[in-house]
Amino acid sequence: MPRHTLSRFDTELVALDDLILSMFKLTQHNIKGALKAIYSGDEALAEKVTSQDEAVNALEVQIDELARRLIVTHQPAASDLRQVFAATKIVTDLERISDLAIDIAGEVARLDVGAERVGQLKVMQKLVMAQIKGARKAYFDRDVEAAHQVIEQDGVVNDAYEACQRVMLTLMLESTKQITSYLALSNVAAGLGRIGDHITNIAEMTIYMVIRHEVRHVSPERIQALIQEQDDDD
Amino acid sequence: MTEALISDGPVARIPAVNLSSPLTMEGNDVADAISGESEGDPTLNNMIAIENLRLWYGEHQALHGITMNIRERYVTAFIGPSGCGKSTLLRCVNRMNDRIADCRIQGRVSLDGMDIYEPKVDVVRLRTRVGMVFQKPNPFPKTIYENIAFAPRIHGVAQKGSEMDELVETCLRRAGLWDEVKDKLQQPGTALSGGQQQRLCIARTIAVRPDVILMDEPCSALDPIATAKIEELIDELKNEFTIVIVTHNMQQAARVSDYTAFFYLGALVEYQDTNTMFTSPHKTQTEDYITGRFG
């Protein structure tokens with residue numbers, strides 16, 4: 001993209017992305033830490049994850065503030081406007097993801113069975129971690145195809161969640177004494193499912209930012225068609 | 001005197017322009033544009049139709065085959081860098097370029113179906129139908145009252161006395177100026193502030209009941225409050241008039257207009273509904289211009 005006539009504007013847009021990158025990294029770190037705590041039963045680690053949420057919250061506020069300043073001082077239009085708008089939406093999702101990671105970490109205290117007993121949970125973990133990694137890459141590479149893959153992956157996460165819940169239900173019926181633990185693991189799975197939804201939102205905003213089409217509440221097939229149309233226009 | 005060269009052949013019917021699609025109307029694209037199959041929205045009437053308009057100042061070609069329709073009772077903004085032809089095009093719509101000695105025009109500009117460059121067209125009458133507001137307020141060196149009454153009297157829109165008083169009051173009210181000047185109607189218009197003078201000029205323009213109001217950077221000499229008052233006025237006037245505004249202020253174009261046309265080097269690059277133009281322009285040149293990455 002050509003440079004802005006006012007170089008400070010470009011500098012501030014780069015700063016906006018730098019802050020979003022920091023927020024992505026911290027959020028990924030928190031999910032990873034929360035799941036590690038679940039699998040290891042490490043309550044200290046769970047506490048650490050919880051304490052790191054403050055940094056995510058601070059980043060959210062900082063990004064919103066920078067976005068407001070950009071709007072007031074530069075009145076961005078077109079792709080710049082979409083970038084600033086997408087940034088404010090994405091940070092909300094990242095903040096919610098971090099909150100969900102804390103909720104997951106909070107379930108450690110209720111566990112007295114190993115999480116590895118529910119194999120489907122591991123599947124969900126891998127899917128969600130891949131999803132957020134993909135969403136981050138798609139955002140920073142402005143790669144709509146990659147973002148579309150992230151959206152498609154959400155269906156797989158949802159399927160894994162349902163499978164996970166079925167397994168959990170069976171385990172609860174088999175060992176009623178450990179129902180609290182399985183309920184906790186069920187919450188972990190639900191948290192991962194919701195994280196997947198927020199990651200999908202991020203991918204949708206990435207597509208909007210890049211190809212200007214609003215793709216929220218649109219089927220993955222229609223999104224693919226819009227991306228194709230855009231490619232044809234270009 | 002301007003030489004208005006209109007092609008002798010039959011003029012193709014202009015389809016209603018589908019403003020939801022990007023338009024690039026330069027050079028050979030014009031033929032496609034006027035023979036297209038788009039029917040547009042039948043409920044929307046095009047007040048002004050510009051077909052393959054080319055204009056030269058001496059040897060310099062300032063407009064390169066502009067084709068566009070301007071919708072009735074909407075605000076259309078012309079944007080683009082200095083020298084892109086937006087003011088030149090605006091001035092074609094009420095034949096202001098006739099006054100420029102070495103100006104030549106080819107193509108067609110129609111007002112509600114009438115070719116305004118036909119020899120039989122009375123230019124004075126045309127300018128009552130297509131009023132103009134300039135960058136710098138230019139009230140007559142007369143009283144506030146006379147600024148409004150002068151043209152209606154000449155054109156027989158209203159007679160002296162109560163009928164004229166009523167017209168003056170109505171026009172000043174519609175221009176949002178009545179409360180500020182009602183006690184000093186006999187004072188010179190030039191004694192008003194810049195913003196008030198511009199609203200007086202707008203009141204003067206609407207006094208002859210035009211169909212179209214052309215505004216050439218009407219706020220560029222005004223402070224933000226006066227600018228806001230003019231913008232508010234534009235918003236109200238569009239219920240009755242077709243407004244075309246040239247502005248360098250893109251935020252103003254985004255605020256006041258329904259449609260926006262971007263010009264560059266005498267060509268129409270993109271013509272869109274304003275929301276699309278400022279959030280998702282289709283052309284890279286437009287994108288670069290409105291994001292400040294031009295040149």
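The values are calculated or read from the model by the stated rules, or taken from the named source; none is laboratory data. In this text, all values refer to a predicted model and were calculated from it rather than measured experimentally. Ideal geometry is used to build each Cβ from the backbone, glycine not excepted, and the neighbour counts take in all protein chains shown.
Please go through segment B:74-128 and pick out each residue that is over 23 Å from B:Arg209 (Cα atoms), β-branched (Val, Ile, Thr) and more than 16 Å from the chain's Cα centre (by Cα). Once the filter is applied, which keeps residues that are over 23 Å from B:Arg209 (Cα atoms), β-branched (Val, Ile, Thr) and more than 16 Å from the chain's Cα centre (by Cα), segment B:74-128 yields B:Ile100, B:Ile105. Could you tell me which of the residues A:Glu174, A:Glu162, A:Glu214 is within 14 Å of chain B (Cβ to nearest Cβ), more than 18 Å from A:Gly134 (Cα to Cα), free of Cβ contacts under 8 Å to residues at least 40 places away in the same chain and surrounded by fewer than 23 Cβ atoms within 10 Å (Cβ to Cβ)? So the residue among A:Glu174, A:Glu162, A:Glu214 that is within 14 Å of chain B (Cβ to nearest Cβ), more than 18 Å from A:Gly134 (Cα to Cα), free of Cβ contacts under 8 Å to residues at least 40 places away in the same chain and surrounded by fewer than 23 Cβ atoms within 10 Å (Cβ to Cβ) is A:Glu214.
Residues of segment B:253-294 that are among the small types (Gly, Ala, Ser) and within 8 Å of chain A (Cβ to nearest Cβ): B:Ala254, B:Ser280, B:Gly292. Count of segment A:76-116 residues, restricted to those that are away from chain B (no Cβ under 14 Å) and assigned to a helix (DSSP H, G or I), is 26. Taking the conditions (1) buried (at least 23 other Cβ atoms within 10 Å of the Cβ); (2) closer than 20 Å to B:Tyr74 by Cα; (3) within 11 Å of another protein chain (Cβ to nearest Cβ) in turn, B:Met250 satisfies each one other than (1).
Taking the criterion of being farther than 12 Å from A:Ala77 by Cα and assigned to a helix (DSSP H, G or I), the residues of segment B:272-295 that qualify are B:Thr284, B:Gln285. Would you confirm whether or not segment A:182-195 contains a residue that is without any contact (Cβ under 8 Å) to a residue 60 or more places away in the chain and farther than 29 Å from A:Ala78 by Cβ? So far as segment A:182-195 goes, yes, one or more of its residues are without any contact (Cβ under 8 Å) to a residue 60 or more places away in the chain and farther than 29 Å from A:Ala78 by Cβ. Output the residue which, of all residues in segment A:36-75 that are in a helix (DSSP H, G or I) and within 14 Å of chain B (Cβ to nearest Cβ), is surrounded by the most Cβ atoms within 10 Å (Cβ to Cβ). So the residue we want is A:Leu70. Here is the figure for segment A:8-24: residues that are out of contact with any Lys or Arg (no Cβ under 9 Å at 6 or more places or on another chain) and within 14 Å of another protein chain (Cβ to nearest Cβ) total 4. Here are some residues: A:Thr5, A:Thr27. Which one is in a helix (DSSP H, G or I), out of contact with any Cys (no Cβ under 8 Å at 6 or more places or on another chain) and either within 14 Å of another protein chain (Cβ to nearest Cβ) or crowded, with 20+ Cβ neighbours inside 10 Å (or both)? After applying the criteria, what remains is A:Thr27. Screening B:Asp183 against (1) modelled with pLDDT of 95 or more; (2) surrounded by 13 or more Cβ atoms within 10 Å (Cβ to Cβ); (3) not hydrophobic (A, V, I, L, M, F, W, C) leaves a single unmet condition, (2). Only one of the numbered conditions (1) closer than 13 Å to B:Ala77 by Cα; (2) surrounded by fewer than 21 Cβ atoms within 10 Å (Cβ to Cβ); (3) in contact with a Gly (Cβ under 9 Å, 6 or more places away or on another chain); (4) of a type outside the set (Asp, Glu) is not met by B:Asn275, and that is (3).
Yes or no, residue by residue, for (1) in a strand (DSSP E or B); (2) of a type in the set (A, V, I, L, M); (3) surrounded by fewer than 23 Cβ atoms within 10 Å (Cβ to Cβ):
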| residue | (1), (2), (3) |
| --- | --- |
| B:Trp56 | yes, no, yes |
| B:Gln61 | yes, no, yes |
| B:Ala77 | yes, yes, no |
| B:Gly83 | no, no, yes |
| B:Ser87 | no, no, yes |
| B:Arg104 | yes, no, yes |
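Checking each residue in segment A:118-145 for being part of a helix (DSSP H, G or I) and farther than 19 Å from A:Gly193 by Cβ picks out A:Arg136, A:Lys137, A:Ala138, A:Tyr139, A:Phe140, A:Asp141, A:Val144, A:Glu145.
Checking the conditions here, which among A:Val167, A:Val188, A:Val215 is modelled with pLDDT of 95 or more and either among the aliphatic types (A, V, I, L, M) or over 14 Å from the mean Cα position of the chain (by Cα) (or both)? None of the others qualify; the one that does is A:Val188.
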